[in-house]
Amino acid sequence: MSVLEVKNLKKRFKESLFSSEKKVLHQIDFSVSETTATGFLGANGSGKTTTLKCVLGLIPINSGEISFFTGKPLSRPVLKKIGFLPEQPYFYDYLTGEELLLFYGRLSASLTFTDLKSRARDLLKKLGIYEAKDRKIRTYSKGMLQKVGMAQALIHDPELVILDEPMAGLDPDSRVYVGELIQSLVKQGKTIFFSSHLLYDVERLCSNLVVLKEGRVAYAGSVQGLLDRIKGRRQIIYAEKDQKHTVFADSLEECQREIDRLRKQSCVILDVQLDKKSLEQAFVKITESHDLTGKTGN
Amino acid sequence: MKNIFLIALNTVKEIKRHKILYALGAVVIFIMLAGLVLGPLSLSEQTRLSINFAFTSCHIGLILISIYFASTLISHEIEKKTAITLFVKPISRLQFIVGKFFGLSFILLMALCFLTVFVLVVHFIYKHSIGPILFMAMWGIFLEALILLTVAFFFSSFTSSFLVLVYSGLIFIIGHSASGIIFFVNKMEGDYFFKVIVSIATYLLPNFEKVNWRAHALYHNSLVEGELLFSSLYSFSWIICLLVITSILFERKQIA
């Protein structure tokens with residue numbers, strides 16, 4: 001089932017009243033499948049945040065179609081099922097962390113006040129900012145703001161969670177935790193769609209990818225599919241006569257052949273790793289390419 | 001209704017925690033006290049001067065609270081980008097505007113009640129009789145503050161908070177000068193076209209003198225029959241019209 005489907009989305013902006021319109025999104029087509037984590041990649045200014053704002057109805061679109069949960073247009077019942085963390089989380093800084101969650105929760109969730117309060121506290125504990133629940137938001141650090149932003153996106157237990165740069169501003173521990181949180185949400189049956197500049201996080205957490213380049217979709221499909229397209233290297237670590245060795249394979253097929261060969265030679269396969277630079281290489285290759293027609297389906 | 005209530009409640013919290021509210025309150029009380037201190041200097045006019053100071057300080061205080069907070073409440077949501085997180089929740093922009101209006105109106109009502117107590121104290125000190133006209137004068141101040149609130153909301157839907165402050169201030173000045181302008185223009189000879197243009201312009205803007213009953217309260221003049229009802233209806237017509245126009249404009253606004 002498609003949780004989010006964007007078809008032929010186009011968006012133009014006027015910089016000033018008398019200037020001509022500038023095309024920001026040329027033609028965006030992609031879909032996000034249920035119970036997956038889909039990464040949304042693109043260089044600065046490629047149109048990621050504009051696409052997200054169009055998807056969420058914050059800015060009107062010029063043409064195209066955006067539907068949620070198999071064909072439903074954006075409406076208030078649909079918004080109840082969506083959680084969103086903006087790129088730079090600005091919140092009401094006169095509220096405390098707990099008050100903020102209760103405010104957003106009461107707007108979106110159908111829970112009783114007591115249940116909502118316990119869910120808010122639970123989320124604050126999980127994100128490690130429970131001790132700061134009674135502190136005003138204006139006293140929070142950037143990382144704490146990101147965490148409280150994450151909590152407000154999840155307070156109403158949404159089915160689709162859209163995160164714009166969720167790892168930005170987080171320390172390494174928090175990044176690991178947010179990554180685990182995204183994985184656990186997918187396991188719970190939620191759908192995650194998140195934009196990021198951190199390719200390592202996307203590779204680690206996502207099964208699917210949408211790559212934007214200059215307002216066009218340069219790639220939409222599985223992470224593996226993209227890696228296969230650039231024939232990413234795989235590192236096979238094996239043991240032979242108590243000695244550790246490494247061999248590289250340029251494609252998945254070659255990797256299989258190598259493993260078969262090594263096993264026939266009674267070698268023990270210790271690990272098979274994707275070359276860490278491979279998604280980065282793939283991303284660079286895709287975004288440097290002038291041919292943007294090589295899309296694949298999910 | 002729940003969403004309007006939540007926005008209103010949040011607005012009350014926001015204003016309540018703002019130091020400027022208390023600073024404005026302190027300025028108003030200072031002006032009232034100044035009236036009490038300066039009163040004896042005016043010899044026979046002591047009572048009139050002090051009561052006039054009390055009414056004027058209430059008027060200025062309520063108008064400043066109204067314009068300052070109305071000009072920042074909506075503009076800051078856009079400028080500080082808090083609107084992005086809010087409008088991805090199941091809430092309409094009309095509910096947002098109406099919620100903000102009720103929140104600030106509640107603060108104005110509380111401020112009015114608080115300041116009325118001070119005005120009554122000044123009346124007691126000078127043994128000036130207290131009649132219904134005093135409360136009508138305070139009601140007039142409240143209506144004026146509500147109109148200015150919606151005027152500031154209207155400007156907030158398309159310009160920055162600083163310009164909202166400037167434009168609302170201008171509307172306040174013109175709104176108090178409208179009656180005078182019409183009076184002098186009618187006294188002018190010739191140039192019929194100019195007279196019509198000025199008259200139309202003054203009718204297109206709120207006339208705050210229609211709710212100014214402070215002089216009546218000072219001199220114990222009663223209002224013309226039906227004036228209270230007519231002026232209240234006049235004020236609420238302005239408030240509703242401006243809220244509707246603001247909502248329509250805000251609906252089209254790009255939250256970026």
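The values are calculated or read from the model by the stated rules, or taken from the named source; none is laboratory data. Note that this is a predicted model, so its numbers are computed, not measured. Don't worry about glycine lacking a Cβ; one is built from the backbone with ideal geometry, like all the others, and counts go over all protein chains shown. Heads up: the accessible areas ignore ligands, DNA and RNA and are worked out on the full protein's heavy atoms, side chains in. Shrake-Rupley method; radii C 1.70, N 1.55, O 1.52, S 1.80 Å.
Taken residue by residue and averaged, Cβ atoms of other chains lying within 10 Å of the Cβ of A:101-113 number 3.
Considering only B:Ala152, B:Phe53, B:Ile74, the residue lying farthest towards the positive end of the dipole of the range B:2-251 is B:Ile74, judged by Cα position with unit charges set on Cβ. Ordering B:Met110, B:Thr246, B:Gly169 by the projection of their Cα atoms onto the charge dipole of the range B:2-251, which places +1 on the Cβ of Lys and Arg and -1 on the Cβ of Asp and Glu, puts B:Met110 at the extreme positive end.
B plus A alone minus the pair: what accessible area, both sides summed, probe 1.4 Å, in Å² to 100? Could the numbers behind the result be given before it?
Numbers: alone 13580 and 15620 Å², together 26460 Å².
The contact between A and B buries close to 2700 Å².
Between the alpha-carbon centres of the range B:86-148 and the range A:93-125 there is a gap of 31 Å.
When peptides B:165-175, A:180-190 are sorted by average Cβ neighbour count within 10 Å, with the highest value leading, the order is B:165-175, A:180-190.
Counting only protein heavy atoms, what percent of the accessible surface of the protein assembly as shown is carbon or sulfur at a 1.4 Å probe? The C+S portion of the solvent-accessible surface of the protein assembly as shown is 60 percent. Report the one residue of B:Leu9, B:Ser42, B:Val198 whose Cα lies farthest in the direction of the positive end of the charge dipole of the range B:2-251 (charges on C-beta: Lys and Arg +1, Asp and Glu -1; origin at the Cα centre). Highest projection toward the positive end goes to B:Leu9. Potential lengthening of the chain between A:Lys125 and A:Met1 amounts to 41.4 nm, from the contour at 0.36 nm per residue minus the alpha-carbon distance. A 1.4 Å probe run over the protein chains yields, for the range A:234-274, 71 Å² of accessible area per residue, whole-number rounding. Within chain B, the selection of entire DSSP H helices by a Cα span of 20 Å or greater along the long axis and an average Kyte-Doolittle value of at least 0.0 returns B:2-16, B:19-38, B:46-79, B:93-125, B:132-156, B:161-187, B:227-251. In this structure the range B:142-181 gives 33 Å² per residue of accessible area when probed at 1.4 Å with all protein chains present. In this rough spin-label picture, where each label sits 7 Å from Cα along the Cβ direction, the A:Thr246-B:Tyr219 distance is 9.7 nm. Over chain B, the ratio between the Cα radius of gyration and 2.2 N^0.38 Å evaluates to 1.09. In a reduced charge model with +1 at each Lys and Arg Cβ and -1 at each Asp and Glu Cβ, chain B shows a dipole moment near 880 debye about its Cα centre. 3J(HN,Hα) along the range A:102-111: 5, 4, 5, x, 5, 6, 10, 8, 9, 7 Hz, from the Karplus curve 6.51 cos²θ - 1.76 cosθ + 1.60 with θ = phi - 60°, whole Hz, x for Gly and Pro. Accessible surface for B:Ser222 stands near 100 Å², nearest 10, in the context of the full protein assembly shown (1.4 Å probe).
When every alpha-carbon pair in the range A:234-274 is counted, what percent end up more than 12 Å apart? The partial results should precede the final answer.
On the way: 414 of 820 pairs.
Tail of P(r) above 12 Å: 50 percent of Cα pairs.
Remark: the range A:234-274 carries a charge dipole of roughly 140 debye about the Cα centre, counting +1 on each Lys and Arg Cβ and -1 on each Asp and Glu Cβ. In this Cβ point-charge picture (+1 for Lys and Arg, -1 for Asp and Glu), chain A has a dipole of about 500 debye about its Cα centre.
Separation of the range B:17-58 and the range A:17-92, taken as the distance between their Cα centroids, equals 54 angstrom.
Rolling a 1.4 Å probe over the protein heavy atoms leaves A:Asp93 with an accessible area of roughly 50 Å².
Of all DSSP-defined beta bridges confined to the protein assembly as shown, some 65% are antiparallel rather than parallel. Distance from the C-alpha centroid of the range A:181-226 to that of the range B:167-201: 63 Å, rounded to the whole angstrom. Per residue of peptide A:87-93, the mean number of Cβ atoms on other chains within 10 Å of the residue Cβ is 5. Dividing the C-alpha radius of gyration of the protein assembly as shown by 2.2 N^0.38 Å, with N its residue count, gives 1.30.
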